[in-house]
Amino acid sequence: MEGLIVIGPAGSGKSTLIGALSKWMTRFTVIKTARINMDPGADILPYKPDFDVRSIVRAEDVMKNEKLGPNGAMIRSMEIVEEKLDDIISYIKSLNADYYLIDTPGQMDAFVFRKPGRIIVERISSEIRTAGVYLSDCEREIEDFITAIIMGKIAELRLNIRIIPVLNKIDLGGEDLRSLWEDIVRGNLRPLEMHKGVESEALMELIKSISLFSTPVEVIGVSALRMKGLENLFSKLNEVWCSCGDMT
Ligand SMILES: Nc1nc2c(ncn2[C@@H]2O[C@H](COP(=O)(O)OP(=O)(O)OP(=O)(O)O)[C@@H](O)[C@H]2O)c(=O)[nH]1
Ligand SMILES: [Mg+2]
């Protein structure tokens, strides 16, 4: 029993990736997946969830009933989810899947930076060996890689699970960045030198420090929409799960 929590900013393709990975695993492996929607604010999902948190709470209803704005309603919704966590986890486990693919809200602050989200992840990962993906758009900038790694590290600190940084939407371009990135990881910081200034120097130092405690620094590129790079992501996930998934 393994879990994959996909976190990342709004519109980065989390829900699309859940659907794509589920389809890919069904097509190419014998693994039974369950798709778990933990986004109470989701509208139309690009997959059919096996568990849908909206059967418990909808952010839209919370907005209306408690007269809250979209962010307040999301935070309140996560508290309601936390209260029902025991029931949710026993239902999820009763699905008896091999891999649980868990979708989360784009309001990352509600999920990653607030206590309820952290408790939800902690409880799920105490029952199901869980890893995470930090998914972001690939805007074809070298900074995408740096941001993905740093945000992935922050999410690891907050959620206490291993997080793989993944750049989505490589079908729009960005594969050419790979060799540049590999250069940086190998210690050649020249590709960053075009961004002169205090910030870029600070970034270089940050990358060097990350390399010290993160082995190896790797960012995976995928296209959830075109189902590209999923095999690579899957084998990386297996490595993480094999080494126990969590950081404890
Ligand atoms: N070109 C391209 N578009 C993608 C890809 N993955 C997702 N999209 C598109 O990006 C948009 C957002 O995708 P979602 O899967 O809804 O993103 P999300 O992260 O779940 O969004 P929120 O739940 O609102 O945070 C949709 O229009 C998708 O079709 C991709 O690999 N390539
Ligand atoms: Mg979504």
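The values are calculated or read from the model by the stated rules, or taken from the named source; none is laboratory data. This is a predicted model, so every value here is computed, not measured. No Cβ is skipped: glycine too gets one built from the backbone with ideal geometry, and neighbour counts run over all protein chains shown. Remember, those area values only see protein heavy atoms, side chains included, never the ligands or the DNA or RNA. Shrake-Rupley method; radii C 1.70, N 1.55, O 1.52, S 1.80 Å.
For segment 20-47, a residue qualifies if it is touching a residue at least 12 places away in the same chain (Cβ under 8 Å), open to solvent by 10 Å² or more (accessible area, probe 1.4 Å) and part of a helix (DSSP H, G or I), and the qualifying residues are Lys23, Trp24, Phe28. Scanning segment 107-128 for residues that are open to solvent by less than 30 Å² (accessible area, probe 1.4 Å) and not hydroxyl-bearing (Ser, Thr, Tyr) yields Met108, Ala110, Phe111, Val112, Pro116, Gly117, Ile120, Val121, Ile124, Ile128. Each residue in segment 74-99 was checked for being away from ligand 2 (no atom under 16 Å from the Cβ) and touching a residue at least 24 places away in the same chain (Cβ under 8 Å), and 16 of them qualify.
If I ask for residues that are open to solvent by 50 Å² or more (accessible area, probe 1.4 Å), near ligand 1 (Cβ under 10 Å from one of its atoms) and either of a type in the set (A, V, I, L, M) or not in a loop (DSSP other than H, G, I, E, B) (or both), which ones from segment 156-175 would you list? First the steps, then the outcome.
Of segment 156-175, the ones open to solvent by 50 Å² or more (accessible area, probe 1.4 Å) are 157-158, 160, 162, 169, 171-172, 175.
Then drop every residue that is not near ligand 1 (Cβ under 10 Å from one of its atoms), which leaves 169, 171-172.
Of everything in segment 156-175, those that are open to solvent by 50 Å² or more (accessible area, probe 1.4 Å), near ligand 1 (Cβ under 10 Å from one of its atoms) and either of a type in the set (A, V, I, L, M) or not in a loop (DSSP other than H, G, I, E, B) (or both) turn out to be Asp171, Leu172.
Taking the condition among the aromatic types (Phe, Trp, Tyr) and more than 22 Å from Arg54 (Cβ to Cβ), does Tyr91 pass? Even if it seems obvious, please write down each step before you answer.
Numbers: among the aromatic types (Phe, Trp, Tyr): yes; more than 22 Å from Arg54 (Cβ to Cβ): no.
No, not satisfied.
Among the residues of segment 134-155, those that are of a type outside the set (S, T, N, Q) and outside any helix (DSSP H, G or I) comprise Tyr134, Leu135, Asp137, Cys138, Glu139, Arg140, Glu141.
If the condition is being β-branched (Val, Ile, Thr) and within 16 Å of ligand 2 (Cβ to nearest atom), then segment 100-119 contributes Ile102, Thr104, Val112.
Among residues of segment 1-58 being among the charged types (D, E, K, R) and within 11 Å of ligand 2 (Cβ to nearest atom), the one that is farthest from the chain's Cα centre (by Cα) is Asp43. The residues on offer are Ala131, Ala97, and the sole one that is closer than 13 Å to Leu4 by Cβ, part of a loop (DSSP other than H, G, I, E, B), open to solvent by less than 10 Å² (accessible area, probe 1.4 Å) and away from ligand 1 (no atom under 16 Å from the Cβ) is Ala97.
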